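Enquirer: One structure, pasted below without further comment.
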Amino acid sequence: MQLIRDNVIFAGAIDWDRRMFDELIPLPDGTSYNCYIIKGSEKTALIDTVDPTKTDILIAKLVRMGVSKLDYIIALHAEQDHSGSIPDMLTLYPDAKVVTNPKCKQMLIDLLDVEEEQFITVEDGETLSLGDKTLKFVYTPWVHWPETMSSYLQEDNILFSCDFFGSHLATSDLFVKDEPQVYEAAKRYYAEIMMPFRNPIKKNLEKIAGLEIDIIAPSHGPVYDRPEFIIDAYKDWVSDNVKNEVVIPYVSMHESTGLMVEYFTDALIDRGITVKEFNLTETDIGKLALSLVDAATIVIGSPTVLTGPHPAAAYAAILANALRPKTKFISVIGSYGWAGKMVDQLSSMLGNLRAEIIEPVVIKGKPKQPDIELLEELADKIAAKHKELGIM
Ligand code: FEO
């Protein structure tokens, strides 16, 4: 048994093999679906469940733990990787009640056909007694759906945060052992699903600051027994601070845009700027998302295809627009054969970014000396903007 504290037990499933989430997000290190059994002196609660593909693992663990009666199934979030086994849990424990907030209740009815009478709803700040243990519910919306909430075990100072503070990482470590590894995985996770909600997350961080927290038990990845490690990382990511970095997602068909990216990268490096270059035909988009968390500038590189941007460049623009990074400056570099509206179309895809557009460099054919000078000028402008921000 994996004990977090007396009578607080990890009951989740590690998914070592999963490589995609939502058919969008790469999972290079797998993931886990964490759930927790809390045995109070009078009642027993299960916090969240697991992805439906791993229900058998959860059931086997509950049998091994001797959980013959379950009073409450706490649903912190309706997404199926945590709620998907609720119907099976209700079959196994027909007297159990699903405890959640009204928004999550409606989602569980819509998504999983859970019957109305099987719920108990709780308001923000409400408590639920298990006898000698008490759960307090803390609404933490938009991490990353509107109904998401956390639960705080008062006697043990444990915050069950669901996706908030999570990391897609399959590991046999119950608690974080390798902080740099978990930092990278948690930052990637933040980038992929939390980053669009920077402002609500700031409010949620303020809200949990009033709790005395010894342990954060998220729904993915290892448990934090040094909670300040992940709380401080989140504070940095949601802050307005950016780094002296330029992210260049690009694609090239006949090497003209590729050569431009090569010259441009060197020009930025010469000016003391960190460059993160991503060839979109090969890159792991999770790494691209991660790089957007704190880069000051994005420059998209694209050839012109059928008068517009290459579809791979359009995909990167749509992704960046959806993730809403705190990027301050954006630009485009690329090449065309005869004519096109590549820049206009890419710009229209980036409307969510509150970033200043720096004059793009779009050239005809292969880059020649005057074109290289234009790229040098663009690098100068970016360096000057970064200096104005005081980040170089
Ligand atoms: Fe891990 Fe939003 O579910």
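The values are calculated or read from the model by the stated rules, or taken from the named source; none is laboratory data. Just so we're clear, the structure is a prediction, and the values are computed from it rather than from any experiment. Neighbour counts are summed over all protein chains in view; Cβ atoms, including those assigned to glycine, are modelled from backbone coordinates with ideal geometry. Side chains included, ligands, DNA and RNA excluded: accessible areas come from the protein's heavy atoms. Shrake-Rupley method; radii C 1.70, N 1.55, O 1.52, S 1.80 Å.
Enquirer: Output yes when any residue across segment 122-131 is in contact (Cβ under 8 Å) with a residue 12 or more places away in the chain, surrounded by fewer than 22 Cβ atoms within 10 Å (Cβ to Cβ), within 16 Å of the ligand (Cβ to nearest atom) and not in a loop (DSSP other than H, G, I, E, B), and no when none is.
Expert: For segment 122-131, residues in contact (Cβ under 8 Å) with a residue 12 or more places away in the chain, surrounded by fewer than 22 Cβ atoms within 10 Å (Cβ to Cβ), within 16 Å of the ligand (Cβ to nearest atom) and not in a loop (DSSP other than H, G, I, E, B): absent.
Enquirer: Can you list residue pairs whose Cβ atoms sit under 6 Å apart, with the first residue in segment 347-361 being closer than 18 Å to LEU378 by Cβ and the second being open to solvent by 40 Å² or more (accessible area, probe 1.4 Å)? Count only pairs 6 or more apart in sequence or on different chains.
Expert: Partner pairs satisfying both residue conditions: ALA355/LYS328; ILE358/LYS381; VAL361/LEU374.
Enquirer: If you check THR53, THR31, which single one turns out to be farther than 24 Å from TYR139 by Cα and touching a Lys or Arg at 6+ places or on another chain (Cβ under 8 Å)?
Expert: THR31
Enquirer: I need the full set of residues from segment 227-251 which are part of a loop (DSSP other than H, G, I, E, B) and surrounded by fewer than 22 Cβ atoms within 10 Å (Cβ to Cβ), in order please. Even if it seems obvious, please write down each step before you answer.
Expert: To start, the set of residues in segment 227-251 that are part of a loop (DSSP other than H, G, I, E, B) comprises 239-242, 251.
Listed by number, the residues that qualify are SER239, ASP240, ASN241, VAL242.
Enquirer: The conditions are (1) closer than 25 Å to TYR189 by Cα; (2) touching a residue at least 24 places away in the same chain (Cβ under 8 Å); (3) open to solvent by 10 Å² or more (accessible area, probe 1.4 Å); (4) more than 14 Å from the ligand (Cβ to nearest atom), and LYS54 fails exactly one of them. Which is it?
Expert: Looking at each condition in turn, LYS54 falls short on (4).
Enquirer: Follow-up question, since we're still on this one. I'd like the full set of residues that are of a type in the set (S, T, N, Q) and under 21 Å from LYS133 (Cβ atoms), limited to segment 17-76.
Expert: From segment 17-76, those of a type in the set (S, T, N, Q) are 31-32, 34, 41, 44, 49, 53, 55, 68; that's our starting set.
The answer is ASN34, SER41, THR44, THR49, SER68.
Enquirer: Give the residues of segment 146-168 that are open to solvent by 10 Å² or more (accessible area, probe 1.4 Å) and within 15 Å of the ligand (Cβ to nearest atom), sorted by residue number.
Expert: Residues satisfying the conditions are PRO146, HIS168.
Enquirer: Would you check if ASN199 is in a helix (DSSP H, G or I), surrounded by fewer than 16 Cβ atoms within 10 Å (Cβ to Cβ) and not charged (D, E, K, R)?
Expert: When the stated conditions are applied, ASN199 passes them.
Enquirer: Of the residues ALA316, ALA339, which is farther than 19 Å from GLU376 by Cα, open to solvent by less than 10 Å² (accessible area, probe 1.4 Å) and not polar (S, T, N, Q)?
Expert: Details: ALA339 fails: open to solvent by less than 10 Å² (accessible area, probe 1.4 Å).
Every option except ALA316 fails the conditions.
Enquirer: Give all pairs with beta carbons closer than 8 Å in which a residue from segment 164-192 that is more than 24 Å from ILE9 (Cα to Cα) meets a residue that is of a type in the set (Ser, Thr, Tyr) and within 13 Å of the ligand (Cβ to nearest atom); count only pairs at least 6 apart in sequence or on separate chains.
Expert: Matching pairs, first to second residue: ARG188/SER167; TYR189/SER167.
Enquirer: Considering ILE208, ILE231, ILE193, ILE216, which residue is more than 12 Å from the chain's Cα centre (by Cα) and within 16 Å of the ligand (Cβ to nearest atom)?
Expert: Only one candidate qualifies: ILE216.
Enquirer: Filter segment 203-219 down to residues that are open to solvent by 60 Å² or more (accessible area, probe 1.4 Å) and part of a helix (DSSP H, G or I), then give me how many there are.
Expert: 3
Enquirer: Of all residues in segment 253-291, how many are among the β-branched types (Val, Ile, Thr), in a helix (DSSP H, G or I) and touching a residue at least 24 places away in the same chain (Cβ under 8 Å)?
Expert: Total satisfying the criteria: 3.
Enquirer: Can you tell me which of (1) among the hydroxyl-bearing types (Ser, Thr, Tyr); (2) under 16 Å from THR49 (Cα atoms); (3) in contact with a helix residue (DSSP H, G or I) (Cβ under 7 Å, 6 or more places away or on another chain) is the one THR121 doesn't meet?
Expert: Every listed condition holds for THR121 apart from (2).
Enquirer: Name the one entry in VAL182, VAL99, VAL138, VAL143 that is hydrophobic (A, V, I, L, M, F, W, C), assigned to a loop (DSSP other than H, G, I, E, B) and either surrounded by fewer than 21 Cβ atoms within 10 Å (Cβ to Cβ) or modelled with pLDDT of 95 or more (or both). Let's see the steps before the verdict.
Expert: On the way: VAL182 fails: assigned to a loop (DSSP other than H, G, I, E, B); VAL99 fails: assigned to a loop (DSSP other than H, G, I, E, B); VAL138 fails: assigned to a loop (DSSP other than H, G, I, E, B).
Just a single option satisfies the conditions, and that option is VAL143.
Enquirer: In this structure, does LEU111 turn out to be outside any loop (DSSP other than H, G, I, E, B), at pLDDT 95 or above, on the phi < 0 side of the Ramachandran plot and open to solvent by less than 30 Å² (accessible area, probe 1.4 Å)?
Expert: On the way: outside any loop (DSSP other than H, G, I, E, B): yes; at pLDDT 95 or above: yes; on the phi < 0 side of the Ramachandran plot: yes; open to solvent by less than 30 Å² (accessible area, probe 1.4 Å): no.
When the stated conditions are applied, LEU111 does not pass them.
Enquirer: Of the residues that make up segment 85-94, is at least one within 16 Å of the ligand (Cβ to nearest atom), open to solvent by 70 Å² or more (accessible area, probe 1.4 Å), in a helix (DSSP H, G or I) and in the same structural domain as THR49 (by TED's automatic domain parsing)? Step through it out loud before you land on a result.
Expert: Pass one, segment 85-94, residues within 16 Å of the ligand (Cβ to nearest atom): 85-86.
Pick out the ones that are also open to solvent by 70 Å² or more (accessible area, probe 1.4 Å) and you get none.
Taking every residue of segment 85-94 in turn, none turns out to be within 16 Å of the ligand (Cβ to nearest atom), open to solvent by 70 Å² or more (accessible area, probe 1.4 Å), in a helix (DSSP H, G or I) and in the same structural domain as THR49 (by TED's automatic domain parsing).
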